[in-house]
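Trainee: Before I ask anything, let me first share the structure, which is written out below as structure tokens.
The values are calculated or read from the model by the stated rules, or taken from the named source; none is laboratory data. A quick note: this is a predicted structure, and the numbers were derived from the prediction, not measured. Virtual Cβ from ideal backbone geometry, glycine too; neighbours counted across all protein chains shown.
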Amino acid sequence: MRFKPTARTSVFTESVIREMTRLAQVHGAINLAQGYPDFPAPDFVKQAAIDAISDDVNQYAITWGAFRLRKALAQKYEKNYGFELDPDTHLTVTCGATEAMMAVMLAFIEPGDEVVIFEPYYENYIPDAAMSGATVKFVTLNSPDFSFDPLELREAFSSKTKAIIVNTPNNPSGKVFTHEELKIIADLCLEYDCLAITDEIYEHIIFDSHEHVSLASLPGMFERTVIISGISKTFSVTGWRIGYVLAAQEISAAVRKVHDYLTVGAPAPLQEAAAFAIEQGESYYPSLIEMYQKKRDFLLSALREAGFECHTPEGAYYIMADFTAHNFQGTDIDFSHHLIRDCGIAPVPGSSFYSGNNGNHFIRFTFSKSDDTLAEAVKRLARL
């Protein structure tokens, strides 16, 4: 065939998460697969977007993002982590955290470079690695508590290691990396002179006594850490596609060059609304945590009563559920299809978050849904 797809596209499939969403629609199942809220975004955030559009903020913002948004982000990180930031050199606004990760990988990863990734991982990391030509070295987050073996992590590093991706709070496991764990990672980054790419999109969804620590805040790490985040999860606006990259000036400059030609810029009026949201954030975050902790506890209890073994998520809004006790004859994909078809609930097969067979006894549920949706999902669990 003349128009044969490139080899890089052969190492990944379409998104399993979005495939489960389509199957949920076909079978009328409740979508606990894809991590987006089915309840309204905060009124103050929506009104800020309406106001920006009405004020005719409808043309291109500067490529690396509206100044008001970059300033709001700089002030947030200065307050929370003590970073001394220049909005004009340290911050780049992107079309969601997804584009941010791709821009960073394309800016710094050469074909043959090695990238360390913890598994279970967010599914986008593997296509990002493939499209940038990286060789992935996997390190397992071991169930039930999703801790890692420091020796296994050390063995994943070599002279070819260019970067490590750290997602905390973690999707799909709900793990929050501790300061001690991050110190182990930081020491290896310094020893092997590699980049740390941190996906911190769930930083404000954190439970119980756990604390989000940014790897960039550890000694010697700001100059070699790229923070990726966005407003999608925090403010329940996953369709707005407002993300950002925070990094030292030299790193930011390279990311900006790639970003410029990937997307030119994120939606201008939504950047203004995002700035307003972040400016109001300190008064909003406690209610966000309280809401999601109640949802977590409700679904977690129901899943355990239904025979699933689940580690209590420390952050983010997902639960990894071990279905071994159900003695199901088939794969995690088969079990997911069974739940969609026969119970009316759509999860994500656990194997989609792993490189090997470690995840084939898991399925992932999201609790980023309204109380009514979760209550109906729990009723349907009784069909198991």
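Trainee: Which of the residues that make up region 87-106 are surrounded by fewer than 21 Cβ atoms within 10 Å (Cβ to Cβ) and hydrophobic (A, V, I, L, M, F, W, C)?
Mentor: L106, the sole residue that qualifies.
Trainee: Tell me, which helices (runs of 4 or more DSSP H) wholly within region 34-112 include 2 or more residues that are at negative phi, in contact (Cβ under 8 Å) with a residue 60 or more places away in the chain and of a type in the set (S, T, Y)?
Mentor: Values: elements: 43-54, 67-81, 96-108.
Because the criterion is at least 2 residues that are at negative phi, in contact (Cβ under 8 Å) with a residue 60 or more places away in the chain and of a type in the set (S, T, Y), the helices (runs of 4 or more DSSP H) in region 34-112 that meet it are 67-81.
Trainee: Moving on to the next point. I need every pair where a residue in region 141-163 that is over 30 Å from T324 (Cα atoms) has its Cβ under 6 Å from the Cβ of a residue that is at pLDDT 95 or above and among the charged types (D, E, K, R), sequence separation at least 6 or different chains.
Mentor: Listed by first residue and then by second, the contacts come to K160/E114; T161/E114; K162/D113.
Trainee: If you go through region 280-293 one residue at a time, do you hit one that is hydrophobic (A, V, I, L, M, F, W, C) and touching a Pro at 6+ places or on another chain (Cβ under 8 Å)?
Mentor: no
Trainee: For region 195-239, give me each residue that is crowded, with 23+ Cβ neighbours inside 10 Å and out of contact with any helix residue (DSSP H, G or I) (no Cβ under 8 Å at 6 or more places or on another chain).
Mentor: If the condition is that a residue be crowded, with 23+ Cβ neighbours inside 10 Å and out of contact with any helix residue (DSSP H, G or I) (no Cβ under 8 Å at 6 or more places or on another chain), then Y202, K233 are the ones that fit.
Trainee: If the requirement is being farther than 21 Å from N170 by Cα and either in contact (Cβ under 8 Å) with a residue 40 or more places away in the chain or not assigned by TED's automatic domain parsing to the domain that holds I227 (or both), which of these qualifies: A321, A316, A266, A247? If you could, list the steps in order and put the result at the bottom.
Mentor: On the way: A321 fails: farther than 21 Å from N170 by Cα; A316 fails: farther than 21 Å from N170 by Cα; A247 fails: farther than 21 Å from N170 by Cα.
Every option except A266 fails the conditions.
Trainee: With (1) within 22 Å of the chain's Cα centre (by Cα); (2) within 18 Å of T373 (Cα to Cα); (3) surrounded by fewer than 23 Cβ atoms within 10 Å (Cβ to Cβ); (4) not aliphatic (A, V, I, L, M) as the list, and G344 as the residue in question, which single condition is left unmet?
Mentor: The one condition G344 does not meet is (1).
Trainee: Would you say I251 is over 13 Å from V93 (Cα atoms), modelled with pLDDT of 95 or more and under 19 Å from the mean Cα position of the chain (by Cα)? Spell out the reasoning first.
Mentor: On the way: over 13 Å from V93 (Cα atoms): yes; modelled with pLDDT of 95 or more: yes; under 19 Å from the mean Cα position of the chain (by Cα): no.
So I251 fails the test.
Trainee: Would you confirm, using the coordinates I've provided, whether I117 is among the β-branched types (V, I, T) and part of a helix (DSSP H, G or I)? Spell out how you get there, then give the answer.
Mentor: Details: among the β-branched types (V, I, T): yes; part of a helix (DSSP H, G or I): no.
Spelling it out, it is not the case that I117 is among the β-branched types (V, I, T) and part of a helix (DSSP H, G or I).
Trainee: Residues that are under 30 Å from E110 (Cβ atoms), buried (at least 19 other Cβ atoms within 10 Å of the Cβ) and in contact (Cβ under 8 Å) with a residue 60 or more places away in the chain: does region 281-298 have at least one? Show your work before the answer.
Mentor: Pass one, region 281-298, residues under 30 Å from E110 (Cβ atoms): none.
The answer is no, given that none of the residues of region 281-298 is under 30 Å from E110 (Cβ atoms), buried (at least 19 other Cβ atoms within 10 Å of the Cβ) and in contact (Cβ under 8 Å) with a residue 60 or more places away in the chain.
Trainee: Mind counting the residues in region 59-89 that are hydrophobic (A, V, I, L, M, F, W, C) and closer than 18 Å to V258 by Cβ?
Mentor: Going through region 59-89 one residue at a time, the tally reaches 3.
Trainee: I would also like to ask the following. Given Q25, Q75, Q59, which one is more than 28 Å from V166 (Cβ to Cβ) and in the same structural domain as I231 (by TED's automatic domain parsing)?
Mentor: On the way: Q25 fails: in the same structural domain as I231 (by TED's automatic domain parsing); Q75 fails: more than 28 Å from V166 (Cβ to Cβ).
One residue alone meets the criteria, Q59.
Condition check ((1) within 26 Å of the chain's Cα centre (by Cα); (2) of a type in the set (G, A, S)) across all residues:
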position: R2; (1), (2): no, no
position: A7; (1), (2): no, yes
position: E14; (1), (2): yes, no
position: I17; (1), (2): yes, no
position: A33; (1), (2): yes, yes
position: A41; (1), (2): yes, yes
position: F44; (1), (2): yes, no
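Trainee: I would also like to ask the following. Of the residues L384, L374, which is out of contact with any strand residue (DSSP E or B) (no Cβ under 6 Å at 6 or more places or on another chain) and not in a helix (DSSP H, G or I)?
Mentor: On the way: L374 fails: not in a helix (DSSP H, G or I).
So the residue among L384, L374 that is out of contact with any strand residue (DSSP E or B) (no Cβ under 6 Å at 6 or more places or on another chain) and not in a helix (DSSP H, G or I) is L384.
Trainee: For region 163-179, how many residues meet the condition of being more than 30 Å from D208 (Cα to Cα) and surrounded by fewer than 21 Cβ atoms within 10 Å (Cβ to Cβ)?
Mentor: Looking only at region 163-179, we keep the residues that are more than 30 Å from D208 (Cα to Cα), and these are 163.
After this cut, where a residue has to be surrounded by fewer than 21 Cβ atoms within 10 Å (Cβ to Cβ) as well, the list is none.
Qualifying residue count for the region: 0.
Trainee: Show the residue pairs that are 6+ apart or on different chains and have beta-carbon atoms under 7 Å apart, the first residue being within region 338-356 and farther than 18 Å from N171 by Cα, the second being modelled with pLDDT under 95 and assigned to a loop (DSSP other than H, G, I, E, B).
Mentor: D342/R383; C343/R383; C343/L384
Trainee: Now a separate question. Say whether the condition of being among the hydroxyl-bearing types (S, T, Y) and either touching a helix residue (DSSP H, G or I) at 6+ places or on another chain (Cβ under 7 Å) or over 30 Å from R380 (Cα atoms) (or both) is met by at least one residue in region 21-44.
Mentor: Initially, region 21-44 is screened for residues among the hydroxyl-bearing types (S, T, Y), giving 21, 36.
Now restrict to residues that are either touching a helix residue (DSSP H, G or I) at 6+ places or on another chain (Cβ under 7 Å) or over 30 Å from R380 (Cα atoms) (or both): none.
Among the residues of region 21-44, not one is among the hydroxyl-bearing types (S, T, Y) and either touching a helix residue (DSSP H, G or I) at 6+ places or on another chain (Cβ under 7 Å) or over 30 Å from R380 (Cα atoms) (or both), which makes the answer no.
Trainee: Being of a type in the set (S, T, Y) and under 19 Å from the mean Cα position of the chain (by Cα) is the filter here; which residues of region 133-165 pass it? Don't jump to the end; show me each part of the working.
Mentor: Kept after step one, since they are of a type in the set (S, T, Y), are these residues of region 133-165: 135, 140, 143, 147, 158-159, 161.
If the condition is that a residue be of a type in the set (S, T, Y) and under 19 Å from the mean Cα position of the chain (by Cα), then T140, S147 are the ones that fit.
Trainee: Which of the residues spanning region 304-321 are at negative phi and in a loop (DSSP other than H, G, I, E, B)?
Mentor: A306, F308, H311, T312, P313, E314, Y317 - these are the residues of region 304-321 that are at negative phi and in a loop (DSSP other than H, G, I, E, B).
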